[in-house]
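A.B. asks: Okay, handing you the structure first.
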Amino acid sequence: MSLFWKIFVSFMIAMTVTSVGAIYVSFQIASQAVEQVNLEGRDRIIEDVAAALAHGGERELKSWLFNNPRPAPGTVLLVTNERGDELLGRAMPRELAQLLRTRPFRRPATPPNLRPMQLTPHLIGPNNEEYRLLFARAPVTVLGILMWPGTQVAVLSIALLAAALTSVLLARYLSSPIVRLQKASRALAAGALETRVGRPFNRRRDEVGTLARDFDAMAERIQALITAKETLLRDVSHELRSPLARIRMALALAQRRAGQESQPDLSRIEREAERLDALVGQVMTLTRLRTATGPRRDTVCLDRLVSEVVDDARFEHPEACVEYTSGGAVEMLGDADGLKSAVENVVRNALIYGDPAQPIEVRLEADASEATVRVLDRGPGVPAAELSRIFEPFYRTDKSRDHRQDGQGIGLAITTRVAELHGGRVTAYNRAAGGLEIVLSLPLYRAAAAH
């Protein structure tokens with residue numbers, strides 16, 4: 001159960017119990033009938049009502065009742081006719097309705113000419129119609145209306161609705177900053193260094209506001225550190241380009257002047273210079289991708305792009321067997337150069353570390369929302385604990401480090417960053433029959449959806 005629902009249920013239970021308890025007590029207080037005999041001011045009220053009835057009949061009595069809604073403090077006078085109808089059409093409280101149905105108790109031994117005591121005062125009008133007077137509690141406060149019939153269910157429903165609404169607002173007020181912190185921490189972990197909790201949470205003066213401000217300060221510091229590192233890598237890589245160019249020029253002059261016995265050593269120096277130049281280029285590419293916020297959104301024929309990568313791999317490694325299967329034409333919006341580099345790095349990784357005697361499989365699959373590029377090899381695989389780390393820059397497993405030295409450990413990091421910029425992901429699995437499977441998943445952003 002999420003924190004929101006935990007807080008909501010807790011507040012809902014507490015407020016419901018409190019509301020129902022308060023309403024129950026109010027019902028008990030309101031349900032107590034007014035003393036019909038020993039009521040203060042009872043005689044005066046009866047005299048006024050009798051005078052109004054004798055002067056103008058039932059019409060004058062109704063006028064008096066209408067003009068005197070509370071003839072005594074906290075008291076309402078209800079008058080019924082012989083049919084049991086209240087003259088002003090007011091609802092009859094349950095206790096008074098029960099009192100009207102109650103007949104005076106007559107003992108068998110009482111004399112026949114004894115008139116029993118009436119439970120309520122009676123008045124006789126000019127037309128000999130009998131009226132009964134009943135005293136009830138006046139609805140002085142909101143809780144006073146609880147005595148009226150049918151009000152209990154309505155008040156309970158209102159109380160439950162108010163408790164639910166209040167619980168929702170309190171739960172959202174307490175859980176929304178935590179949810180925001182959760183989303184911000186996940187975004188920061190995914191590489192969105194500009195993520196901040198921001199307003200209004202960091203403006204609060206409670207513990208949540210302090211936590212939000214601490215998180216923003218931490219994110220600022222992390223962004224500054226990573227930006228400084230990326231800037232250093234970019235600057236160093238850029239500065240290395242100039243001495244590398246001079247080394248290659250000097251090497252070309254040395255190859256012309258040197259004899260045949262020195263050519264193997266100079267060729268080795270040339271290969272190492274080329275490897276270093278490629279490494280610098282990849283570092284600069286990775287730095288550029290890490291500082292980018294999003295790729296270009298051009299229409300890309302992904303099936304044609306993957307096919308070109310496979311053709312290039314076959315040309316560069318004629319001894320290798322690269323099999324390519326595709327489910328048909330796949331179009332998406334993205335950066336063609338970045339996507340080609342991403343797929344090329346995965347295929348090159350398979351060519352370097354796979355078994356040269358076994359084929360490399362490249363598969364392109366797509367559905368309505370996502371395209372998947374799978375590259376499968378028959379190499380030694382990767383230890384399960386290190387499957388996620390092979391996408392880190394300069395990281396190599398022990399097996400790959402001892403196997404061949406053609407890679408620089410940056411290609412898969414570039415692939416990962418390209419996938420992230422396109423909203424996709426890269427995962428690696430060890431195949432059951434041996435080897436490694438790398439899956440590049442890319443959402444298919446259509447042109448209409450982008451617009």
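The values are calculated or read from the model by the stated rules, or taken from the named source; none is laboratory data. Every value quoted in this text rests on a predicted model; they were computed, and no experiment measured them. Note that each Cβ is placed from the backbone with ideal geometry, even for glycine, and that neighbours are counted across all protein chains shown. We work out accessible area using only protein heavy atoms, side chains counted, and drop any ligands, DNA or RNA first. Shrake-Rupley method; radii C 1.70, N 1.55, O 1.52, S 1.80 Å.
A.B. asks: Being open to solvent by 60 Å² or more (accessible area, probe 1.4 Å) and modelled with pLDDT of 75 or more is the filter here; which residues of segment 12-23 pass it?
C.D. replies: Matches in segment 12-23: ILE13, VAL17, THR18.
A.B. asks: Same structure again: In segment 187-217, what residues are farther than 28 Å from VAL426 by Cα and open to solvent by 50 Å² or more (accessible area, probe 1.4 Å)?
C.D. replies: ARG199, PRO200, ARG203, ARG205, GLU207, THR210, LEU211, ARG213, ASP214, ALA217
A.B. asks: Look at ARG59 and say whether it is basic (Lys, Arg), surrounded by fewer than 17 Cβ atoms within 10 Å (Cβ to Cβ) and under 57 Å from the mean Cα position of the chain (by Cα).
C.D. replies: Against the criterion (basic (Lys, Arg), surrounded by fewer than 17 Cβ atoms within 10 Å (Cβ to Cβ) and under 57 Å from the mean Cα position of the chain (by Cα)), ARG59 does not qualify.
A.B. asks: Return yes or no: is GLU361 assigned to a strand (DSSP E or B) and not hydroxyl-bearing (Ser, Thr, Tyr)?
C.D. replies: yes
A.B. asks: Could you run through segment 161-186 and say how many residues are crowded, with 18+ Cβ neighbours inside 10 Å and among the hydrophobic types (A, V, I, L, M, F, W, C)?
C.D. replies: Residues flagged as crowded, with 18+ Cβ neighbours inside 10 Å and among the hydrophobic types (A, V, I, L, M, F, W, C) within segment 161-186 amount to 3.
A.B. asks: Out of all the residues in segment 350-365, which are in contact with a strand residue (DSSP E or B) (Cβ under 7 Å, 6 or more places away or on another chain), more than 17 Å from PHE315 (Cβ to Cβ) and either among the hydrophobic types (A, V, I, L, M, F, W, C) or open to solvent by less than 50 Å² (accessible area, probe 1.4 Å) (or both)?
C.D. replies: GLY354, GLU361, LEU364
A.B. asks: Out of segment 304-356, which residues are farther than 25 Å from GLY434 by Cβ, acidic (Asp, Glu) and not in a helix (DSSP H, G or I)?
C.D. replies: Of everything in segment 304-356, those that are farther than 25 Å from GLY434 by Cβ, acidic (Asp, Glu) and not in a helix (DSSP H, G or I) turn out to be GLU331, ASP335.
A.B. asks: Can you name the number of the only condition in (1) of a type in the set (Lys, Arg); (2) at pLDDT below 85; (3) in contact with a Lys or Arg (Cβ under 7 Å, 6 or more places away or on another chain) that ARG374 fails?
C.D. replies: Result: ARG374 passes all but (2).
A.B. asks: I'm told PHE315 meets every condition in (1) over 30 Å from LEU240 (Cβ atoms); (2) out of contact with any strand residue (DSSP E or B) (no Cβ under 8 Å at 6 or more places or on another chain); (3) of a type in the set (Phe, Trp, Tyr) except one. Can you identify the failing condition by its number?
C.D. replies: (1)
A.B. asks: Among THR299, THR285, THR231, THR210, which is the only one that is part of a helix (DSSP H, G or I) and modelled with pLDDT of 80 or more?
C.D. replies: Result: THR210 is the single residue among THR299, THR285, THR231, THR210 that is part of a helix (DSSP H, G or I) and modelled with pLDDT of 80 or more.
A.B. asks: Taking interchain pairs and intrachain pairs at least six residues apart, which have beta carbon atoms under 6 angstrom, with the first residue in segment 183-205 and within 9 Å of ASP216 (Cβ to Cβ) and the second open to solvent by 40 Å² or more (accessible area, probe 1.4 Å) and modelled with pLDDT of 80 or more?
C.D. replies: Sorted first by the residue in segment 183-205, then by its partner, the pairs are VAL197/ARG180; ASN202/ARG213.
A.B. asks: Could you please let me know if GLY328 is of a type outside the set (A, V, I, L, M, F, W, C) and touching a His at 6+ places or on another chain (Cβ under 6 Å)?
C.D. replies: When the stated conditions are applied, GLY328 does not pass them.
A.B. asks: So which of ALA217, ALA187 is under 22 Å from ALA413 (Cβ atoms) and small (Gly, Ala, Ser)?
C.D. replies: Result: ALA187 is the single residue among ALA217, ALA187 that is under 22 Å from ALA413 (Cβ atoms) and small (Gly, Ala, Ser).
A.B. asks: Right, another one. Just to be sure I understand, how many residues within segment 282-307 are open to solvent by less than 80 Å² (accessible area, probe 1.4 Å) and either of a type in the set (A, V, I, L, M, F, W, C) or without any contact (Cβ under 8 Å) to a residue 40 or more places away in the chain (or both)?
C.D. replies: 12
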